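One structure is given below, encoded as structure tokens.
The values are calculated or read from the model by the stated rules, or taken from the named source; none is laboratory data. Quick caveat, the model's predicted, so the values are computed rather than measured. Counting neighbours? That spans all protein chains shown, and the Cβs are built from the backbone with ideal geometry, glycine included.
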Amino acid sequence: MRITYSFFLMAVMIIAIIEFPHLPLHVVTMGLRLMMIFILAIEMILSFKYCLSFFKPPELVKNMGLCVVSVIFTLLLLEAFFMFLPRTHGIGYSLANALWFDRYWKPFNSYGTRDLEPVKNKKTNIIFAGDSFAAGQGIKYIEDRFPDIVRTNLSKINENIQVINLAQTSLDTKSEFDSVKNFIESSGIHPDIIILQYYGNDIDHIAKKFGMRGDGEGFSPYAELNAFTRWILRGSYLFNYLYWMIPSQEVNGYLTYIEKAYADDLIFTEHMNEIVAFNSYAKARNTKFFVVLFPLMLEIELSHKLYLDKITRYLKSKDIESMDLSVLFKDLPISDRIVNGNDAHPSLAVHRLVGEELTRYLSQELSK
């Protein structure tokens, strides 16, 4: 009977792979995992029943064995459950984070961004440049991101307005500038407005250039653990999920790093020169340039001290318009402000507030 169960499940999986050869690798892997969990659970229960009937152990041993089998069976069920529990993580190493991106990080257009396909026949074009904040990490559906809320609202006013989101995860100011230039050259679409979404870690690449420790640099997941524990955590969705619920001291030290980076005048000036160059590029093409500033979502007040106020003053001195977005959601509880307890990207509520505020701003600009 036990062999029949195992062979039946393996046969089903093999037939599925043969009949559907184009199944994504992760689907096949998930299927194999579920099959193994199911086989282990059945084999364990049948083996336990066999031992009880053959050895006839004392009641105490029987009860202890039942407890062990129950615990293992529960862990197997939880493992199967966590295989289908996507959840973003700010660092990005967790298996749940990979599940989330695999399930929700779409659609992609021909330019490789998580957005609709741009068209060339629109009268007014607005480009958003940015990182994972504007790209929508933690936001399941693109229509809930603030650039898309702007798109939806403005299209109700004028169907000839097109909003293009070029934001991608892990970009910095220079790479955001490059992505806009490459898009304009390859698409032939001329933007009327460019909105640069800014976040505190955009200074990282310049800080690294000057020898400072960058965002997440030197961080090695599972480094403090022995080989067996690392193997368990990398292979188990359940234990991997629980491990990444614990904050890392490496990541917690980021505030000290960012304070030093923005306090260094050489680093700060070279970094701001990137935004000035971005603005000059836009002005040369008769395009309005505008910067929207996000705070550290867990430390709004501290963000003003670290970089928001300093950047706002600098941009004003260069006649570059900016908007401090923190005023929109500073009164929200942290739990309502971020995606989840391990991912400090903006929540749905924050995206809605930012989208509505930018809609008001852009409506006024476009009516001039």
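Descriptive notes on the structure:
- Any hit, the stretch 131-138, residues being among the aliphatic types (A, V, I, L, M), assigned by TED's automatic domain parsing to the domain that holds VAL339 and more than 15 Å from PRO191 (Cα to Cα): yes
- Reported count of residues in the stretch 266-292, each being touching a Ser or Thr at 6+ places or on another chain (Cβ under 6 Å) and not in a helix (DSSP H, G or I), is 1.
- Checking each residue in the stretch 149-171 for being crowded, with 22+ Cβ neighbours inside 10 Å, within 22 Å of ASN97 (Cβ to Cβ) and not aliphatic (A, V, I, L, M) picks out only ASN165.
- Residue among LEU255, LEU302, LEU332, LEU358 that is out of contact with any Gly (no Cβ under 7 Å at 6 or more places or on another chain), within 26 Å of THR88 (Cβ to Cβ) and not in a helix (DSSP H, G or I): LEU332
- Taken over the stretch 175-189, residues that are surrounded by fewer than 12 Cβ atoms within 10 Å (Cβ to Cβ) and assigned to a loop (DSSP other than H, G, I, E, B) amount to 1.
- Residue within the stretch 142-155 that is assigned by TED's automatic domain parsing to the domain that holds ILE194 and farther than 20 Å from ALA349 by Cα present: yes
- Search result, residues across the stretch 136-180 that are under 25 Å from SER280 (Cβ atoms), within 13 Å of the chain's Cα centre (by Cα) and hydrophobic (A, V, I, L, M, F, W, C): ALA167, LEU171
- Looking across the stretch 218-232, the residues that are assigned to a loop (DSSP other than H, G, I, E, B) and either buried (at least 16 other Cβ atoms within 10 Å of the Cβ) or at pLDDT 90 or above (or both) come down to PHE219, PRO221, TYR222, ASN226.
- Index of the failed condition, LEU171 passing every other in (1) under 18 Å from PHE289 (Cβ atoms); (2) part of a helix (DSSP H, G or I): (2)
- Which numbered condition LEU154 fails, given (1) part of a helix (DSSP H, G or I); (2) of a type in the set (A, V, I, L, M); (3) closer than 27 Å to ARG87 by Cα: (3)
- Single residue of the stretch 304-338 satisfying the filter (hydroxyl-bearing (Ser, Thr, Tyr) and out of contact with any strand residue (DSSP E or B) (no Cβ under 9 Å at 6 or more places or on another chain)) that is farthest from TYR254 (Cα to Cα): SER317
- Yes/no for TYR93 being among the aromatic types (Phe, Trp, Tyr), at pLDDT 95 or above and in a loop (DSSP other than H, G, I, E, B): no
- Matching option when the condition is under 30 Å from LEU358 (Cβ atoms), at pLDDT 90 or above and either of a type outside the set (A, V, I, L, M, F, W, C) or in contact with a strand residue (DSSP E or B) (Cβ under 6 Å, 6 or more places away or on another chain) (or both), among ASP204, ASP215: ASP204
- Qualifying residue in the stretch 344-358 (condition: under 22 Å from the mean Cα position of the chain (by Cα), modelled with pLDDT under 95 and not aliphatic (A, V, I, L, M)): no
Residues are listed down the side, and each one gets a yes or a no for (1) free of Cβ contacts under 8 Å to residues at least 40 places away in the same chain; (2) outside the structural domain of GLN168 (by TED's automatic domain parsing); (3) of a type in the set (Gly, Ala, Ser):
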{"site": "MET64", "(1), (2), (3)": "yes, yes, no"}
{"site": "VAL69", "(1), (2), (3)": "yes, yes, no"}
{"site": "LEU78", "(1), (2), (3)": "no, yes, no"}
{"site": "GLY90", "(1), (2), (3)": "no, yes, yes"}
{"site": "PHE101", "(1), (2), (3)": "yes, yes, no"}
{"site": "TYR104", "(1), (2), (3)": "yes, yes, no"}
{"site": "ASN121", "(1), (2), (3)": "yes, no, no"}
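- Residues located in the stretch 99-127, provided they are surrounded by 16 or more Cβ atoms within 10 Å (Cβ to Cβ), modelled with pLDDT under 95 and not in a loop (DSSP other than H, G, I, E, B): LEU99
- Test: residue in the stretch 260-280 that is surrounded by 20 or more Cβ atoms within 10 Å (Cβ to Cβ), over 15 Å from ASN201 (Cβ atoms) and touching a strand residue (DSSP E or B) at 6+ places or on another chain (Cβ under 6 Å): yes
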